[in-house]
1. Below 17 Å, Cα to Cα, which aspartates and glutamates can Lys175 reach? Residues fewer than 8 away in the same chain don't count.
2. Going by how many other Cβ atoms sit within 10 Å of their own, how do His134, His238 line up, fewest first?
3. Report, in deg cm²/dmol and to the nearest 500, the calculated mean residue ellipticity at 222 nm for the chain, where each DSSP H run with n ≥ 4 adds -39500 (n - 2.57) and the sum is divided by the residue count.
4. Once fully extended, how much extra length lies between His371 and Glu313, figured as 0.36 nm per residue of separation less the alpha-carbon to alpha-carbon distance?
5. Between the stretch 40-107 and the stretch 237-295, what is the C-alpha centre distance in whole Å?
6. Compute the Rg to Rh ratio over the chain from the alpha carbon atoms, using the Kirkwood formula for Rh, and round to two decimal places.
7. Around Ser142, which amide H atoms from residues at least 5 apart in sequence, or from another chain, sit under 5 Å from its own amide H, with H modelled in the peptide plane?
8. Using a cut-off of 12 Å between alpha-carbon atoms, which aspartates and glutamates can reach Lys268, once sequence neighbours fewer than 8 places away in the same chain are excluded?
Amino acid sequence: MTLQLHDTATRTTAPFTPVQEGAVSLYVCGPTTQGAPHLGHLRTFLAFDVLVRWLERSGYAVTHVRNVTDIDDKILTKSAEAGAPWWAWSLRFEREFQDVLDRLGNRRPDYEPRATGHVPEMIELMQRLIERGHAYADGEGSVYFDVASHPTYGSLTRQSLEDMQDAGEEMEAGKRDRRDFALWKAAKADEPDTASWDTPFGRGRPGWHLECSAMSRKYLGETFDIHAGGLDLRFPHHENEQAQSHAAGYGFARTWMHAGVLTVDGLKMGKSLDNFVTAARALTEHPTPAVRLALVSGHYRATVEYNARAMKEAETVWERFTQTAGRAAQLLGEHSLAGPEPELGDIELPEDFVAALDDDLAVPEALAVIHRELSVLNTLLAERGGADEAALASSLGRLRAMLDVLGLDPLGARWAQGSGGSDAEHAALDALIAAQLAAREAARAEKDWERADALRDALGAAGIRIEDGATGARWTLGTRD
């Protein structure tokens, strides 16, 4: 089976054929840096991190672009309310996004261009649209796209122009039609001078939609393979991107992919509903890999539910992965969970796993294969000294290789220290616990069962789980008793 991807534009799932054989060009709509990242952002970016990982695992050379919208109305408003320069406000949250995604194990894109760094490309695109009769300047510094001039406007979301009529709103000054959208916004007297640029049409700043068309063309060419983003961006953002790029004569995206929404306790997340969950809050309340697991476990196009039950389940599953992989690594003679990693990319993946991800990234089905492998590995471990070392190594390798595609290899450098502690912290903790285990072993040798149990219970109360095996006692971080 070859890779099949669902195209939002055609609403069909079809074999993926890249523009250039062996290579994939991918543009993902990135954050608007008006505030702290929340779970909705994480759900989208994690979903497409899995896409990148699977494309690379499938042998493609991926060029991944994710933009940063570092200027817009909300950034200017919120920074002014906080008494901060707009560019400093934007940079603060851009860095916060990067830090959070790094913690979650997301691979950084090849290019992460900012809107403010691509004004010349935007001016060039506006001039081309005006020359081709699809845009107009209002003479006051703003430039608008003429939606009626482009016959396929609305095709991405399957809407007609008539459906978009809204007589209830007063038409913005300078527009010829209230459905037209801004490519460029004239500078305002109450906005900082630094938030505008000189153009042939007057001084102003980018409209939201223009940047993505300009930057995708610069880094990926006039026609590229995949444009991805959250489902909420389909209209008007992606509809407008496609219209302005097609009107300019560019092929633009050949496949559209959209990640489903995230709900909290059954409701779409929103500040007005008091269920708004920031990334910082989620990562404080739960182990980082468990958050990643919870958010990638569903199909990327499906709604993902975040609640206490879902997180408890993710924590339990993650603990099973780490416990089993760690025990297998110990039996195979590895001295550290963060030891040298094998070439996971060379390990042959189970056919069912490959088939699942080739079927439009069916992660739930892929996880079912992972859990079957986990059971196989546990069975081998139950044999203790009689386990076939080659079979054990093979099973552990397959488990790690599959989880690595999801960014969740429990023995990889990212997660080997449990919830993300440093090597030094782990070494110090290991030394302290080793002393306690030695004391417990001495008590057991003297048949002082009361003291041995007390030492075990004290470790358990601190969240340290002890497992007695053929090779001795082993500790792992678990939940507090």
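Every read-out reported here was derived from the displayed coordinates using simple, explicitly stated rules and does not represent laboratory data. If you're wondering where the values come from, they're calculated on a predicted model, not measured in any experiment. With ideal geometry, Cβ positions are generated from the backbone for all residues, glycine too; neighbour counts draw on all protein chains shown.
1. Answer for Lys175, where 17 Å is the Cα cut-off: Asp138, Glu140, Asp146, Asp166, listed by chain and number.
2. By the 10 Å Cβ count, ascending: His134, His238.
3. -13500 deg cm²/dmol
4. Values: separation 58, 0.36 × 58 = 20.88 nm, distance 1.38 nm.
Extra length available between His371 and Glu313 comes to 19.5 nm.
5. Cα centroid to Cα centroid, the span is 11 Å.
6. Checking Rg against Rh, the ratio lands at 1.06.
7. Ala186
8. Asp232, Glu305
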